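Everything below concerns the one structure shown next.
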Amino acid sequence: MLNLNRRTALTAIGGGLIAMRAGATFAQGAATPAPAGPFKLDPLPYPADRNAPTIDAETMELHHGKHHAAFITNLNTALGDKPDLAKMPIRELLANLNTLPEAVRGVIRNSGGGHANHAMFWTIMGGKGGEPTGDLKAAIDKDLGGFAKLQTDFNAAGARQFGSGWVFVVLGKDGKLAVQNRPNQDSPWMDGTPVLFGNDVWEHAYYLTYRNRRADYLKAWWNVVDWAKVSDRYAAAKTGKLAV
Ligand code: MN
């Protein structure tokens, strides 16, 4: 990442001083700037301490500024010279994985999936928990047996995910909500299935605060969900307008 940014800075500005400053920024451990390229790392939509104490600020900063940023860098490295692919929406890349050139399938599955999963993840947190309302609540009651049962089933799916992965609530092709868990950075978008919300059960998502206690993290996580944002995603998903 450092080399890429140095090269980009040198190319863009033609001077060594800025590149040296960029290197110094990395050395000090400051927030990683968004890597140059067709894929961008949007800033967190709220301060890094917004989800504390459920998720500590350092975890948020590392998770967004290092882990998510690395997916963006990997995508830009792999697709920077493939403009036809780089201009496709990420959900289309994931949904068409098997028809893409074999050389890029791995990076799109892992880093493209990681980008999609994390882009969703930041936006549905920053809230105060509570319970869903309106159409979303009605769908949860009808399809998932109510909010309490959803929480129980979702936490169980997250707990039983062996190794790293995610637990999601998706809008299935039958129009019904469903709980799904997926390994690694696999995304339901790989099946063309919109994600309403999800929780990251990779250790990097919780280890600084919860250590090995994934179940405690899963239980506490509901305190920071922004249900208004999830409702917006549900409305967009129903009309095929959900971006990722
Ligand atoms: Mn993660």
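The values are calculated or read from the model by the stated rules, or taken from the named source; none is laboratory data. Computed from a predicted model, the values in this text were never measured in an experiment. As a convention, Cβ positions derive from the backbone with ideal geometry for all residues, glycine included, and neighbour counts pool all protein chains shown. Note: areas computed on protein heavy atoms with side chains; ligands, DNA, RNA excluded. Shrake-Rupley method; radii C 1.70, N 1.55, O 1.52, S 1.80 Å.
Against the list (1) loosely packed, with under 13 Cβ neighbours inside 10 Å; (2) more than 21 Å from VAL244 (Cβ to Cβ), the condition GLU131 fails is (1).
Residue count for the stretch 40-94, restricted to those that are among the hydroxyl-bearing types (Ser, Thr, Tyr), within 16 Å of the ligand (Cβ to nearest atom) and over 20 Å from VAL244 (Cα atoms): 2.
Can you tell me which of ASP174, ASP135 is more than 16 Å from the ligand (Cβ to nearest atom) and out of contact with any Ser or Thr (no Cβ under 9 Å at 6 or more places or on another chain)?
Values: ASP135 fails: out of contact with any Ser or Thr (no Cβ under 9 Å at 6 or more places or on another chain).
Answer to the selection: ASP174.
Among the residues of the stretch 194-244, those that are of a type in the set (S, T, N, Q) and open to solvent by 10 Å² or more (accessible area, probe 1.4 Å) comprise THR209, ASN212, ASN223, SER231, THR239.
Could you tell me whether any residue of the stretch 222-230 is within 21 Å of GLY114 (Cβ to Cβ), assigned to a loop (DSSP other than H, G, I, E, B) and more than 16 Å from the ligand (Cβ to nearest atom)? Within the stretch 222-230 (the criterion being within 21 Å of GLY114 (Cβ to Cβ), assigned to a loop (DSSP other than H, G, I, E, B) and more than 16 Å from the ligand (Cβ to nearest atom)), the answer is yes, since at least one residue qualifies. Of everything listed in (1) under 21 Å from ASN223 (Cβ atoms); (2) aromatic (Phe, Trp, Tyr); (3) exposed (fewer than 14 other Cβ atoms within 10 Å of the Cβ), the single unmet condition for PHE162 is (1). Among the residues of the stretch 63-81, are any free of Cβ contacts under 8 Å to residues at least 12 places away in the same chain and surrounded by fewer than 15 Cβ atoms within 10 Å (Cβ to Cβ)? Yes, the stretch 63-81 contains a residue that is free of Cβ contacts under 8 Å to residues at least 12 places away in the same chain and surrounded by fewer than 15 Cβ atoms within 10 Å (Cβ to Cβ). The residue pairs whose first member lies in the stretch 122-149 and is on the phi > 0 side of the Ramachandran plot and at pLDDT 95 or above, whose second member is open to solvent by 50 Å² or more (accessible area, probe 1.4 Å) and not in a helix (DSSP H, G or I), and whose beta carbons are closer than 6 Å, counting only pairs six or more residues apart or on different chains, are GLY126/ARG50.
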